[in-house]
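The values are calculated or read from the model by the stated rules, or taken from the named source; none is laboratory data. This structure is a prediction, so every number in the text was calculated from the model and none was measured. So basically every Cβ, Gly included, is an ideal-geometry build from the backbone, and we count neighbours across all protein chains shown.
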Amino acid sequence: MEIADNPILKVLGRVLDVSSRRASIVAANVANVDTPGYKAKSFDFDAALAACEERQIGMAPTRTHPGHLAMSLTSTQVVEREDDSASERNDGNTVDIEREMADLLEAELMFAASSRLIAKKIEMLRASIS
Amino acid sequence: MSIFDILDVGSSGLAAQRMRQEIISSNIANASTTRTPGGGPYVRKDVVFETANVTSKFGEVLSALTQNGLRGVQVSEILQDNRPPQRRFQPNHPDADADGYVRYPNVNIIAEMVNMVEATRSYEANLTIMNASKSMALRAIELGK
């Protein structure tokens, strides 16, 4: 087993990535909490999961034209929140501040948990080296 | 979008809400101002927010221009509230018209207070997020230790 190619570290690294991505979505939503017509964005886990599965079984989308944008993990997974039409305000804004705070808390906890796991993993590697 | 972009988005929110607070404080301070350089009573002002790019990186701007991009906020303009001024009967006031009525600004103190609380809460929410992402970044720095 190569140390650098550790699958657990890779997965945990993805969790860090996704968590900070979610925090950035929350930041954009909260900054625009008073912007008329702004639609709250959220992280699309289904798209993220599909992207991961496609990569695992080697069915990543092919670019048929050089002008096409690459399927990047950053732009395809941010979607408008769909179930928020009920909480739309008169100015067309759909940001729900409590929900954003809950999302932030979740992202923060996931980040803390996986960063602690990574630290432990590195500690174990170090222990086995010395 | 990196951790610094989160801070940029957050600070754009802070700046916009602070600007709103400034306008609100100006409205409250001038709630009884009957004379202005332009003549007539003070006219209530209000801010309009719009989404804004917080980065100059091409890729980020491109993704922000598409529907799914994440964007900060900025004050796009400061509007004047064109509702008519309140008329109060004060015949002894130096600014009273021929009928004895003084035109006072169209500022509703209670509405301004509600606005102020809203702006403060939004400011705090932005700060909370900046603090949270800072602690996440600090935790990531600690990883190798």
Could you please tell me which pairs satisfy a Cβ distance under 6 Å, a separation of 6+ or placement on different chains, a first residue in the stretch B:71-89 that is assigned to a loop (DSSP other than H, G, I, E, B), and a second residue that is loosely packed, with under 15 Cβ neighbours inside 10 Å?
-> B:ASP81/B:ASP46
When residues of the stretch B:101-141 are filtered for being without any contact (Cβ under 8 Å) to a residue 24 or more places away in the chain and either acidic (Asp, Glu) or in contact with a Leu (Cβ under 6 Å, 6 or more places away or on another chain) (or both), how many remain?
-> 3
Given the conditions (1) within 14 Å of another protein chain (Cβ to nearest Cβ); (2) modelled with pLDDT of 65 or more, which single one is not true for A:ALA70?
-> (2)
Residue check, A:GLU100 under 23 Å from A:ILE25 (Cβ atoms), surrounded by 19 or more Cβ atoms within 10 Å (Cβ to Cβ) and in contact (Cβ under 8 Å) with a residue 12 or more places away in the chain | yes
Whichever residue in the stretch B:1-29 is among the hydrophobic types (A, V, I, L, M, F, W, C), surrounded by fewer than 21 Cβ atoms within 10 Å (Cβ to Cβ) and more than 12 Å from chain A (Cβ to nearest Cβ) and, among such residues, is farthest from B:SER122 (Cα to Cα) = B:ALA29
Just name the residue that is surrounded by the fewest Cβ atoms within 10 Å (Cβ to Cβ) out of those in the stretch A:22-37 that are more than 7 Å from every other protein chain (Cβ to nearest Cβ) and in a helix (DSSP H, G or I).
-> A:ARG22
Output the number of the condition that B:GLY40 fails; it satisfies all remaining conditions of (1) part of a helix (DSSP H, G or I); (2) at pLDDT below 90; (3) more than 12 Å from every other protein chain (Cβ to nearest Cβ).
-> (1)
Scan the stretch B:78-98 and give yes if some residue there is at pLDDT 90 or above and facing another protein chain (nearest Cβ under 9 Å), otherwise no.
-> no
